[in-house]
Amino acid sequence: MDLNLRKAILENISDNDQSQLEATIVEAIQSGEEKMLPGLGVLFELIWEQSSESDKEEMLNTLEKGVKQSS
């Protein structure tokens, strides 16, 4: 069986509006379940691909701050 996880995740959220997408993200983060990480990765990939260079720089700055605070 060939399972394309990225495709399955995108199909599951394809009809979601902003509030549903936010709920998905919040639930995945709050649950802390490892099985939710691939879905968050696919969502981040979509965000990254649709972002301008300045938005990417801002995300990287925010990510760097978060990483430093977590260590």
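Only the coordinates and a few stated rules stand behind these numbers; no lab work does. Only a predicted model underlies this, so the values are computations on that prediction, with no experimental measurement involved. Every residue, glycine among them, receives a Cβ derived from its backbone with ideal geometry; neighbour counts consider all protein chains shown.
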Exercise. If you take the Cα Rg of the chain and divide it by 2.2 N^0.38 Å, with N the number of residues, what do you get?
Worked result: 1.24
For this session: Calculate, for Ile47 and Lys68, the FRET efficiency according to 1/(1 + (r/R0)^6) with r their C-beta to C-beta distance and R0 25 Å; round to the nearest 0.05.
Result: 0.70
